[in-house]
Amino acid sequence: MKAITIIPGQKDSACVKDVPEPGESEGDVLVRALALGICGTDFELISAEYGWAPPGSDHLILGHESLGRVEDAPENTGFAKNDLVVGVVRRPDPVPCLACAVDQWDMCRNGKYTERGIKERNGFGSELWRNESRFLVKLDPGLSDVGVLMEPASVLAKAWDHITRIGERAEWKPRTVLITGAGPIGLLGAMMGTQKGLEVHVLDRVTDGLKPRLVHELGGEYHTGRVRDLKFNPDVVIECTGVAQVIVDSIDKIGNDGIVCLVGVSSHGQKDTIDVGCLNRKLVLENGVIFGSVNSNLHHYELAQKALLDADRGWLSKLISRRERLSNWRDVLKRSPDDIKVIIEFSTN
Ligand code: BGC
C-alpha cells in the first residue's frame, strides 16, 4: 500500500512509497483512509525540526489529522464495517503518570507519551491504517465531508475547555475573544467562540480574500495590523501564530481577569524584549493568566464533534480550501495565501 513517509531528522525526505499493510499489533480495527489533513506540525516534520521514528525504524509514516472508514473490526469493539472514524493522536505514557493513568494523556507529566505520525508511532498517512478501538472515535455519518477537521477541532475544544475552567475560578462572564491567526486553528477557535455567544475578533496579517470573508460570515470582526493598536481589551485571547511580537502584544492587551491561551507553536530563536516588572504588575494586579495548551483527549474529541455538528456546514466546508489527490501530494506542500486547511484525499467514499 502507498504511504507518505519521512525520515525524521533528515530534511525534505518526504516521499510516497510502498509499505507493508499494518499488522494487528497496531490495533484491532482496520481502517481505509479517506482523507488526511496537513498542518504546521507536518511542515516541521518535513523540514526535520521535529519528529521521531518508531523504535527500530528509520522512517515515520506521516499524518495525524485522519478520517477513514472501518474496513474490518472484531465484533466486541463497538465498530462495524463502513463506520466513519478518526484516530486519536496521542497514546498515554507506559508508566503511567498521574494524568495518563486517568486517560488525560494530553496533560502527560513525564513526556513519555507517543503520538501517531509525530512521535515514535506511524501516522495515518497510508491507504490502510490500524488503530486500537479504545483510541478510535466514531463520527456522525453526516460529517463525511468535514470530519477530517476533527483533530484540529479537538485541540481547540481542549483550549476552550481549559479557558472556561480557568475563568470559572471566580465570577466570570467573558464578552470578547481575540483570536490571533486566521488559519484552520484560529478559525475553528473563532467558530467555537461564536457558539459560546462571545463577540469574536480575529486578527491576521492577510488583508483580503477568504480569511476575512470567513470571519465576517461567522459574524465576527476581522482585523489586520498590530494587536496593540486594537481599540478594546479582550477577556480571552487564543494566540495561534506563535509569533513573539503577537504573543507579547496579546499579553499586554488583555483586560482585567483576562486569559491568554497559547496554542501556536513558535519557531526557535525568536527574540523580543519584555519588561518582566511590567509583566508581573499586569498579571498580579489584574489577575491575568497565560497558559499553553496542546493535544486533546477523548472528552475533547466529543466536544469537537458536537461543535462540528452545530456549525454551519457550508461555512465549515470552506475551511477545507484545497483537496489534493495522493498522487499530487507535493502540491499540498505549496502554500498560497488563501489556503486554510489543505487535505490529501485517499478515497472519496
Ligand atoms: C497536534 C497535537 C500534538 C502536537 C504536538 C499538533 O499538531 O495537533 O495533537 O500533540 O502537534 O506534537
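The values are calculated or read from the model by the stated rules, or taken from the named source; none is laboratory data. Remember, it's a predicted structure, so these values are computed and weren't measured experimentally. A quick note on method: Cβ atoms are made from the backbone with ideal geometry, for glycine too, and the neighbour counts reach across all protein chains shown. The protein model used for the area step is the full one, side chains on, heavy atoms only, and it has no ligands, DNA or RNA in it. Shrake-Rupley method; radii C 1.70, N 1.55, O 1.52, S 1.80 Å.
The table for this structure:
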| quantity | calculated |
| --- | --- |
| Degrees separating the helix 276-285 axis from the principal Cα axis of the chain, which is the longest one | 80 |
| Using alpha carbons only: equivalent-ellipsoid semi-axes of the chain, gyration tensor based, whole Å | 34, 21, 21 |
| Residue-level accessible surface for residue 127, protein heavy atoms, 1.4 Å, Å² | 70 |
| Antiparallel %, DSSP beta bridges [both residues in the chain], to 5 | 50 |
| GNM result for the chain, Cα springs below 10 Å: residue of 217, 75, 168 fluctuating most strongly | 75 |
| C-alpha long axis of helix 244-253 to longest principal axis of the chain, angle in ° | 50 |
| For the stretch 116-191 and the stretch 200-228, distance of Cα centres in Å | 21 |
| Per residue solvent-accessible surface (Å²) - the stretch 93-226, probe of 1.4 Å | 41 |
| At q = 0.25 Å⁻¹, base-10 log of I(q)/I(0) for the stretch 132-205 (Debye sum, equal scatterers on each alpha carbon) | -1.19 |
| Equivalent ellipsoid semi-axes - Cα gyration tensor, the stretch 1-64, angstrom | 21, 14, 11 |
| Mean separation of Cα contacts under 8 Å (6+ apart) over length of the stretch 203-278, as relative contact order % | 27 |
| DSSP beta bridge pairing in the stretch 1-135, given as percent antiparallel to the nearest 5 | 90 |
| HN-Hα J in Hz across the stretch 203-218 - Karplus 6.51, -1.76, 1.60, θ = phi - 60°, x for Gly and Pro | 10, 8, 7, 5, 9, 8, x, 4, 4, x, 4, 5, 5, 4, 4, 6 |
| Mean-position separation - Cα centroids, the stretch 274-349 and the stretch 238-269, in angstrom | 15 |
| GNM flexibility winner over the chain from 129, 52, 172 (Cα, springs under 10 Å) | 172 |
| Cβ-defined net charge surrounding residue 194, 11 Å radius [Lys, Arg +1; Asp, Glu -1] | -3 |
| In Å², nearest 10: area of residue 57 left accessible to a 1.4 Å probe | 50 |
| Listed pairs 138/158; 119/211; 211/341; 158/231; 81/112; 112/271 exceeding 23 Å between Cα atoms | 119/211; 158/231; 81/112; 112/271 |
| 20 °C / 1.002 mPa s Stokes-Einstein diffusion coefficient of the stretch 98-157, Kirkwood radius on C-alpha pairs, µm²/s | 158 |
| Label point distance in nm, residue 102-residue 275, each placed 7 Å from Cα along Cα→Cβ | 4.2 |
| Nearest-20 debye value, the stretch 1-141 charge dipole, Cβ charges on Lys, Arg, Asp, Glu | 160 |
| Between 0 and 90°, nearest 10: helix 298-310 axis offset from the chain longest Cα axis | 80 |
